[in-house]
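The values are calculated or read from the model by the stated rules, or taken from the named source; none is laboratory data. Since this is a predicted model, take the numbers as computed values, not measurements. Positions of Cβ are backbone-derived with ideal geometry, glycine not excepted, and every protein chain shown enters the neighbour counts. The area values use the complete protein model at the heavy-atom level, side chains included, leaving out ligands, DNA and RNA. Shrake-Rupley method; radii C 1.70, N 1.55, O 1.52, S 1.80 Å.
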Amino acid sequence: MTYQDTVNWMFSQLPMYQQQGKTAFKVDLSNTVILAKHLKNPETKIKTIHVAGTNGKGSTSHMLASILQEAGYTVGLYTSPHLKDFRERIKINGKEVSKQFVIGFIKRNKTFFEKHSLSFFEMTVGMAFDYFAKQKVDIAIIEVGLGGRLDSTNIITPEVSVITNIGLDHTQFLGNTLPAIAEEKGGIIKKNIPVVIGETQDETKTVFNRIAAEASSKIYYADQLVSQIFKSDLKGSYQEKNIKTVLQTITLLQKQGWKITSNHIKEGLLKVVQNTGLKGRWQTLQDDPKVICDTAHNKEGLAYVMKQLHEEDCDALHIVFGVVNDKDLDSIIALLPKKATYYFCKPNIPRGKNAEELFSYFKEKNYVGNVYNSVNEAYKQALKSAGKDDVIYVGGSTFVVAEII
């Protein structure tokens, strides 16, 4: 099989959350445990940091990786979803896993995967652990896919567990209250392993304190403990919270004997994109007209991004917007500016919400815009319509951003 054949085969194995949503969600870790054993438990051969949270876990993971790279360590980075190519999910020091490794891993284990009906996500997690162990990384940053307690990544015992924050996203799997979601994400807290919580929230604090106490795990609330913050090349105002989370996590690693200086921290935070290849976080794609894209896609994430968009100085605002079909539009509509022209589109995945339906919903609420057949068509029209002192924002979903980046 070629690389493309291999990836296509993986995507077609049992529902994949990125494509299909709820039907891809697994209810226990038994498959992952079976797979890890088959691979001779590579996750036990590497040191890790485990990162969960509703928003900011991707940025936080990339910042941590960048700082550790600046400190001279060989750093694995496992994140999801990808924007363009599957291999973005598995990197070492910013370099994507080779096509050959992906092909070889699937070829060697395909019969086992089929026999046990492993999902796309389980295979990918197994691949990441196997790759990091074989490449003998010093440490790997492992981002949770969904939730925490039942996530396929949750077979590791990390140096530090990190939970950025809790918001109402993926409620169909994780529960529809903040304490219920905190319970799921708190599932990554391990016995005697310190945990950093990025944002103190009244509704979740008691849940995290209880889980940490039961696990004899020391708990650190970054927003209460970190006062000084450093600049980053990730420009979203929301990154301040993530930077605090990162600094508290680095403090714990320093206490554990990791050799990280304040210069490593400063340089690491300034070179996140260069060191890790992160894209789609308040990213400026061009000027005249200025085009900004961001992968924020839920109430909490969009609240920060729309506040920042409001601060942009421009003649007119154009918003290229699409969402997935399980998105609770009622929870985000009030955040989106009425003083803008919208270009409604459907991201090119089965879960993409029909652009006509999206348009109807917005029209009822007195928003102005048109429907386009694809993200690219919407984006091209926005570029055509915008004056050089206008701003174009592209977002609503990771998958919308993926198509124009």
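So here's what we get for this one:
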item	result
Cα gyration tensor of region 44-87 - equivalent ellipsoid semi-axes, whole Å, descending	18, 13, 12
Rounded to whole Hz, the Karplus (6.51, -1.76, 1.60) HN-Hα couplings of region 71-88, x for glycine and proline	7, x, 8, 8, 10, x, 9, 10, 9, 7, x, 8, 8, 10, 10, 3, 5, 4
Restraint check, K47/K218; K185/K235; K244/K266; K339/K388; K57/K190; K231/K279, Cα-Cα greater than 23 Å	K185/K235
Sites K218 and V368, calculated FRET efficiency, Cβ-Cβ separation with R0 45 Å, nearest 0.05	0.30
Cα centre as origin, Lys/Arg/Asp/Glu Cβ charges: region 237-361 dipole, Debye	640 debye
Order by protection proxy (mean Cβ within 10 Å, highest first), peptides 387-400, 198-211	387-400, 198-211
The chain: angle of helix 99-115 to the longest principal axis, Cα-based, in degrees nearest 10	70 degrees
Whole-number percent relative contact order across region 78-207, with pairs defined as alpha carbons under 8 Å at least 6 apart	21 percent
Accessible surface of E267 - all protein chains present, 1.4 Å probe, nearest 10 Å²	60 Å²
Unsatisfied cross-links (Cα-Cα over 31 Å) in the set K299/K363; K346/K384; K40/K353	K40/K353
Cβ-defined net charge surrounding A402, 12 Å radius [Lys, Arg +1; Asp, Glu -1]	-1
Cα shape, region 193-301, gyration tensor, a/c 1.5 rule	oblate
Using alpha-carbon coordinates, inclination of helix 3-12 to the longest axis of the chain, degrees	90 degrees
Partners for K241 among aspartates and glutamates (Cα-Cα distance below 12 Å; same-chain residues under 8 apart left out)	E199, D223
Acute angle (nearest 10 degrees) that the helix 355-364 long axis makes with the longest principal axis of the chain, alpha-carbon atoms	60 degrees
Relative contact order (%) - the chain, alpha-carbon pairs under 8 angstrom, separation at least six	17 percent
More than 28 Å apart - percent of Cα-Cα pairs taken over the chain	47 percent
